[in-house]
Amino acid sequence: MRWLKRGLPLVGFLAAGAMLSLVLAWFRVFLPDVAVPFSKRIDLRADLRWLSANLPDDAARLMAVEGLEFSWRSDGRSFVDTRIGEETTRYVFWRYGADGRVDRSPEGTGRALRVRAGWPLSCVEGSEWVAGTSPTLIRTGLVVFDVRRGVVRVPVTIRPLGLWVDALFWGAFLALLAVLPRAVERVLRRRQGLCPSCAYPIGAALPLDGRCSECGSAVQRVRPSQ
């Protein structure tokens with residue numbers, strides 16, 4: 001069962017890394033630093049795929065025309081507010097009829113806001129939709145808080161790939177924090193001619209059996225520091 005004994009700490013660090021990833025992502029959105037706004041061209045694959053896959057049924061019904069089939073189209077630019085560990089993207093999209101015409105009227109125009117958080121990759125996201133002239137905000141995967149500086153949108157929908165990557169990164173960071181002090185302590189003890197496990201004085205002479213006479217741990221030949 002040696003593999004189980006070694007694997008449990010790894011699972012523990014991975015789980016702790018995942019929890020830390022989520023805590024940092026949710027904590028990040030409450031920080032008051034100002035986001036940097038910029039615009040970029042619509043990605044006709046990634047952005048349109050996301051719009052099509054995530055458009056809520058309620059929004060689609062509000063923008064639909066009875067008896068006619070419509071798909072959705074977006075072009076031009078999306079507008080992004082970005083901070084380290086958080087990105088908010090705003091889209092405008094329109095009804096696109098079977099006759100090939102794009103309906104850019106107020107009734108045929110929708111708006112979407114996509115919030116992603118996490119570092120080094122986004123591990124949670126949520127979205128907010130406005131359909132046509134309806135005053136209703138449709139939210140999916142977002143929890144909204146009214147704070148002194150305004151509205152804070154907290155994304156809660158897990159992005160599996162991002163969470164895995166973040167869990168590995170922060171799990172490795174936590175493991176390093178746990179292991180590093182002990183490793184430094186063992187190196188310093190060796191240089192001082194002490195047993196690295198129990199700090200029993202060994203000196204420059206290596207024990208005959210290669211083990212510390214106090215605790216039985218394996219030791220190496222060392223030179224005491226001057």
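Quick notes on this one:
- In plain terms, the residue of Ser217, Ser21, Ser39 with the fewest other Cβ atoms within 10 Å comes first and the most crowded comes last, giving Ser39, Ser217, Ser21.
- Normalised by the number of residues in the chain, the average gap of Cα pairs under 8 Å and 6 or more apart makes the relative contact order 18 percent.
- Helical runs (DSSP H, four residues minimum) scored at -39500 (n - 2.57) apiece and divided by the length of the chain put the mean residue ellipticity at 222 nm at -11500 deg cm²/dmol.
- Global geometry of segment 93-160, whether rounded, prolate or oblate, following the gyration tensor of its Cα atoms and the 1.5 cut on a/c: oblate
- When only the Cβ of Lys, Arg, Asp and Glu is charged (+1, +1, -1, -1), the dipole of segment 74-155 relative to its Cα centre reaches about 200 debye.
- Projecting the Cα positions of Pro181, Val65, Ser78 onto the charge dipole of the chain (unit charges on Cβ atoms of Lys, Arg, Asp and Glu, taken about the Cα centre) puts Pro181 furthest along the positive direction.
- Over 25 Å [Cα-Cα, the chain], rounded percent: 60
- Anisotropy class of segment 31-159 from Cα gyration tensor, a/c 1.5 cut: prolate
- Scanning the chain for GluC sites (Glu not before Pro) that sit in a DSSP loop and have at most 14 other Cβ atoms within 10 Å, the longest stretch containing none of them is 70-213.
- Cysteines (scope the chain) whose Cβ has no counterpart Cys Cβ under 4.7 Å: Cys123
- From phi via Karplus (6.51, -1.76, 1.60), per-residue ³J(HN,Hα) for segment 101-111 in Hz, x at Gly/Pro: 8, 9, 8, 9, 5, x, 5, x, 9, x, 10
- Exposure proxy order (Cβ contacts within 10 Å, fewest to most) of Trp26, Trp129, Trp72: Trp26, Trp72, Trp129
- Among Met19, Met63, the order by Cβ neighbours within 10 angstrom, fewest to most, reads Met19, Met63.
- Taking the convex hull of Cα positions in segment 129-189, its mean projected area over all directions (nm²): 7.7
- Counting only Cβ charges, +1 for Lys and Arg and -1 for Asp and Glu, the dipole size of the chain around its Cα centre is about 1240 debye.
- The chain: most fluctuating residue of Leu137, Leu20, Leu180 per GNM, C-alpha cutoff 10 Å: Leu180
Values in this text are rule-based calculations from the coordinates and carry no lab data. Just so it is clear, the model here is predicted, and its values are computed rather than measured. As a convention, Cβ positions derive from the backbone with ideal geometry for all residues, glycine included, and neighbour counts pool all protein chains shown.
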